[in-house]
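J.: My questions will all concern the structure given below.
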Amino acid sequence: MNTKQLEIQPNVYYTLEEVATLLRVSRRNVAQLLENGIARGMKIGRQWRVLGRDLLQLTQRDELTDKQLTDALMRLSEPAFARVWDNDEDAVYDRL
């Protein structure tokens, strides 16, 4: 594999497929990073575009923002809340 092909240029916009190739991960992983706000990009219609500069800074972002942390905690806690609040044993409280 030619390493020149994997060089990230700061002022170039990359597609989801190109980002996946550059990072050597699946398209789905890249999409999740973008959708969760961990990686920066812009969505034009249904297509993502990522600026090379943002890819280069991706490794420097080791702290989650407050919103990202809150969203992650809420996703993790939803099944737990469902088990606690939405079960047959506690159905009697639903009628109060």
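J.: Using mean Cβ contacts within 10 Å as the protection proxy, how do 21-28, 40-47 order, highest first?
T.: Details: 21-28: 13.2, 40-47: 10.8.
Descending mean neighbour count gives 21-28, 40-47.
J.: Sticking with the crude label model, points 7 Å out along Cα→Cβ, report the distance from residue 32 to residue 72 in nm, one decimal please.
T.: Roughly 1.2 nm, to one decimal.
Values quoted throughout were computed directly from the atomic coordinates according to the rules given, and no laboratory measurement underlies them. Keep in mind it's a predicted model, so treat the numbers as computed, not measured. Because the Cβ atoms are built from the backbone with ideal geometry, glycine has one as well, and the counts that use them run over all protein chains shown.
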